[in-house]
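Here is the structure we will look at.
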Amino acid sequence: MSPVLEVANLRVDFSGRTAAVRGVSLKVQRGETHCLVGESGCGKSVSALAVMGLLARGAVRDADVLRFQDTDLTRLSERGMARLRGDKMAMIFQEPMTSLNPAYTIGSQMAEVYERHRGAGRRAALDRAAELLGRVGITAPGMRLAQFPHQLSGGLRQRVMIAMALMCDPELLIADEPTTALDVTVQAQILRLLQTLQRELGLSLLLITHDLGIVARMANQVSVMYAGELVESATAEALFAAPTHPYTRGLLACIPIPGTVRRDEPLGSIPGTVPRISPGFAGCGFRDRCTHALPACAQTVALRSAAPGHAYRCVLPAEWT
Amino acid sequence: MKLRHLATALGGVIVAFVLLVGIFAPLLAPHDPFAQDLMRRMVPPEWMEGGSTANWLGTDQLGRDYLSRLIYGARISMLIGILTVVTSGTIGITLGVLGGFFGGRVDDVVMFAITCRLSIPLILVALTVVALLGSSLTLVILTLGLLLWDRFAVVARTTTMQVRNLDYIAAARAAGASLAHILLREVLPNILSHLLVVATLEMALAILLEATLSFLGLGVPSPLPSWGLMIAEGKDYMFFSPWVIMVPGVTLFVLVMGINLLGDGLRDLLRAERV
Amino acid sequence: MLIFVFRRAVLALLVCLTVLVVSFALTRLSGDLAASIAGPNATADDVAIIRKNYGLDRPLTQQFVDWAAAAASGDLGRSYLYHAPVSGLIRVRLPVTLTLGLSGLAIALVVAIPLGILAAMREGSAADRAIMLVALLGQAMPSFWLSLTLIIWFGLNLQWLPISGIESWQGYILPATVLAFSAIPALMRLTRAGMVDALSADYIRTARAKGLSRSKIVLKHALRNAAMPVVSIAAVQLGFMLGGSIVIETVFALPGIGYLAWESISKNDFPVVQAVVMILALLYIGLTLLADLMNAVLDPRLRAS
């Protein structure tokens, strides 16, 4: 079966100064949850925005393959992208507090997607909006439609954003840190909601997060990013069972897992910070923080296979990392 | 980015130039700006037909040398601009800092004063005052100074509110510094840069207003060579000799633009500092 | 919301009262109004007669209370010059000033808002710089000089438009344009700043993610949020424009209240001056009140609190 989204060698530069994304490849299969993981600034959000064609001005996107279902996104005009966005592919963001327009009601903002892509009238669009608000677990949807964003809590706003993204039954939902700005209890609710919706609607989900707990809970497939590069990709089971890239190993060492970490043992951490990558940069972005770094790390490192379906980008063989 | 710096520098050069011309007017002016020569009236500037190098910018309807009057006019404009800003700045900054620092009732009173001031029609009131008390340079400066403090007050108030709660103010308080010390030594220096931007705006406004009042016949008295007055006196001849209003008009325009460019540059500098 | 309206109304009322006192005090500045009216050549007897006739011999507070009470009932006194009720003079001339002010504002908005939006959409481009340069030039242009220049160009050299009076509606074109010029820079800068802020907001990214058209994103989602400060400033600017129309009415000989005031000032007709100051102040107060209310309507967050 062909993937819903296929990306090969995606690159994004910001006004020629920063190479934010340097060759990211991934496939999102129908109905699966693909998690894109990495610390902030690693280029995961930029990758998602690049796929959606939502990059800010001054950013340059380039890719060998950027295909959504049967559509080649690299050849699509801005108009063509706009027709896909909100219809076949939708996105929700990290900041539910500011992602809704303060000047318009929830109903108006939700209805406008349906009117735009389905040519529906206001009545039909509002009915659809009410249906979806109910679906994402919002009580009294009719009343909520007439409310303004500032009258809603953060958790409710994120539910509204999810409902809005689902207005046109998208094939692919990209969720960029959807729970980061929320309280822990609300986080759990939103994640459960996403899982339920995915199961019921057969949604393909590209979930961007820095939280390995969320990955463990949600992911079928995982791609780990560091400094604009894909450093490891595998199924969730394989990744947690046998993390191969030194960065992934370092990340996993940072999470306390009950039973495996002794109480008095210090929690792992990776010394140093993420470097800023300028366009001429070559080699592994992690080498300055890596305990295994070799001279060869300064050359371009290719992805290699640790096991079938498990790729990592390191000069060392899998058993040495 | 370069263009912006260039514009700021241009503004600075214009302002400095006019200031120097004003200061050294007696040395620079080729003729006495008040000396009439009824035999040589309305002589056009040198580059026009009938002009001569005796009067580079021609003469006015009383045969006075236009260039000399323009040079002495720089004095009046700069004097008005600077002294008005000093007066209005003192009033506005005092009110604004007090309102912003103390808040509550004090702030209510300050806000009320600002609202009242804004609702009073500026030009009309200034005209009335000058008409009643007789026109003179001092009176124009005082009147404008007493009217143009609103923006100083607004900006001083908001910026004081922003710095009021910062740590170093709390530290000064905890160290037992006197109120006057806190306001003058801790608050004022930290809002000064914003006030400098306001000062350029107000200076430009004061110079424009003086010219307007003088143009309407109720500003500085004739025969002082105010640029506004020169335009007013040239008005009757403008259809046949448009240069009589163009020369002082363009000069006024360039000076005000120079001050605005300088102010814009300062504002950008401030913004760059904050980022 | 109701409390907000009520508080604003009370404040406006207090400001009105203060302005009333100021406009009264203004004409008493010279100390002896009767002498000012009589002029420099009058004898002491003439001054005494004027003082008695105009009731200027009573205590100042008495004069103020009488004047304020009469003003409240619409009687603004009698003009010394026209020998007619001031309210009548103003009633005839106010429409001219209002027409001038409103058409000036209309021109200013029609020019400033699209240019401001354009500059914001192309932030940092040559078009943006050119537009901001125009704003800068406009700010530095003395309106009386611009008026004279336009009179020379259009009225005389091209002979397209009338240069004084309002025999036909074309008479308003030049003065309204000059008046608009004074408001355009501020409105344009504000529209641009508001649009730059709005266009970089998260909700615009959401709107793009929804696949909305460019025009809908800019004109519906961004402009609505950028419009709030513009509305306030537009109202305030209209107030300033009405006050500033005195210069333009004088240059173009438009029979509005500005021209009336200028005439009255130069002829010492103080009941008229006093009344015009008051009318302009009241108009300004009314306009700012209106702006606050409109903002409350535009901004749902304000409406709730």
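Derivation of every value follows stated rules applied to the coordinates shown; laboratory data play no part. Predicted model, so just to flag it, every value in this text is computed and none were measured. Methodologically, a virtual Cβ is constructed for each residue, glycine included, from the backbone with ideal geometry; neighbour enumeration extends over all protein chains shown.
What shape does chain C take by its C-alpha gyration tensor, where a ≥ b ≥ c are the square roots of the eigenvalues and a/c under 1.5 counts as rounded, a/b above b/c as prolate, and the rest as oblate?
Verdict is oblate for chain C.
Given C-alpha coordinates of the stretch A:100-167, what is the ratio Rg to Rh with the Kirkwood estimate of Rh?
0.92
What average count of beta carbons from other chains do you get within 10 Å of the Cβ of residues in C:122-129?
Whole-number average of other-chain Cβ neighbours for C:122-129 is 1.
Under a point-charge model restricted to the Cβ atoms of Lys and Arg (+1) and Asp and Glu (-1), what is the dipole moment magnitude of the stretch A:100-167 relative to its Cα centre, in debye to the nearest 20?
Charge dipole of the stretch A:100-167: 60 debye, to the nearest 20.
Quick one: if the Förster radius is 51 Å, what FRET efficiency do B:L27 and B:L3 give, using the C-beta to C-beta distance and rounding to 0.05? List each step's numbers first, then the result.
Values: r = 35 Å, r/R0 = 0.69.
The value I calculate is 0.90.
Put +1 on the Cβ of each Lys and Arg and -1 on the Cβ of each Asp and Glu in the protein assembly as shown; which of C:G171, A:V315, B:S193 then has its Cα farthest toward the positive end of the dipole?
Farthest along the dipole direction, towards plus: A:V315.
Treating the angle as unsigned and between 0 and 90°, give the value, to the nearest 10°, between the Cα long axis of helix B:150-164 and the longest Cα principal axis of chain B.
30
Can you list the chymotrypsin sites (Phe, Trp or Tyr not before Pro) in the stretch B:1-88 that are in a DSSP coil and have 12 or fewer other beta carbons within 10 angstrom?
B:W47
For chain C, what are the DSSP H helices with axial Cα length of 20 Å or more and mean Kyte-Doolittle hydropathy of at least -1.0?
Taking the DSSP H segments of chain C (at least 20 Å long, mean hydropathy at least -1.0), we get C:2-27, C:86-121, C:126-140, C:173-199, C:223-252, C:270-298.
Quick check: net charge around A:G272, other residues with Cβ under 14 Å of its Cβ, Lys/Arg +1 and Asp/Glu -1? Each step should come with its number before you reach the end.
Values: positive: A:R276, A:R287, A:R289; negative: A:E39, A:D288.
Residues close to A:G272 contribute a combined charge of +1.
Nearest 10 degrees is fine. How inclined is helix B:188-215 to the longest principal axis of chain B, computing both from alpha carbons?
30
Quick one: putting +1 on the C-beta of Lys and Arg, -1 on the C-beta of Asp and Glu, what dipole do you get for the protein assembly as shown around its Cα centre, in Debye to the nearest 20?
With Lys and Arg at +1 and Asp and Glu at -1, about 1920 debye.
May I ask you to derive the relative contact order of the stretch C:90-304, considering only C-alpha pairs under 8 Å and at least 6 residues apart, and to give it as an integer percent?
Working: 255 pairs, mean separation 58.3, N = 215.
RCO, the stretch C:90-304: 27 percent.
Relative contact order for chain B using alpha-carbon pairs under 8 Å, separation at least 6, rounded to a whole percent?
Numbers: 405 pairs, mean separation 67.6, N = 275.
So the answer I get is 25 percent.
Need the C-alpha centroid separation for the stretch B:29-84 versus the stretch A:47-64, integer Å.
Centre-to-centre (Cα) distance: 63 Å.
Taking beta carbons within 10 Å but only from partner chains, what does the mean come to for residues B:213-223?
2
Taking only the alpha carbons of the stretch C:95-137, what extent do you get along each of the three principal axes, in Å, biggest first?
Taking max minus min along each principal axis of the Cα atoms, the stretch C:95-137 gives 42, 19, 8 Å.
Just want the answer: with Cβ charges of +1 for Lys and Arg and -1 for Asp and Glu, which residue in A:G121, C:H83, B:I76 is farthest toward the dipole's positive end in the protein assembly as shown?
A:G121
When you take every Cα atom in chain B, what is the radius of gyration, and what is Dmax, the widest Cα pair distance, in Å?
Calculated on Cα positions, Rg and Dmax stand at 22.0, 76 Å.
Working only with C-alpha atoms, what are the Rg and Dmax values of chain A, expressed in angstrom?
Every Cα atom of chain A included, Rg and Dmax give 20.5, 65 Å.
Ignore the peptide's own chain and count Cβ atoms of other chains within 10 Å of each Cβ in C:233-240; give me the average, rounded.
1
If you place +1 on the Cβ of every Lys and Arg and -1 on the Cβ of every Asp and Glu, how big does the dipole about the Cα centre of the stretch C:173-305 come out, in debye to the nearest 20?
Using Cβ point charges on Lys, Arg, Asp and Glu, the stretch C:173-305 gives about 1020 debye.
Under a straight-distance cross-link criterion of Cα-Cα below 29 Å, which lysines are reachable from B:K235, leaving out those fewer than 8 residues away in the same chain?
Straight-line reach from B:K235, under 29 Å: C:K267.
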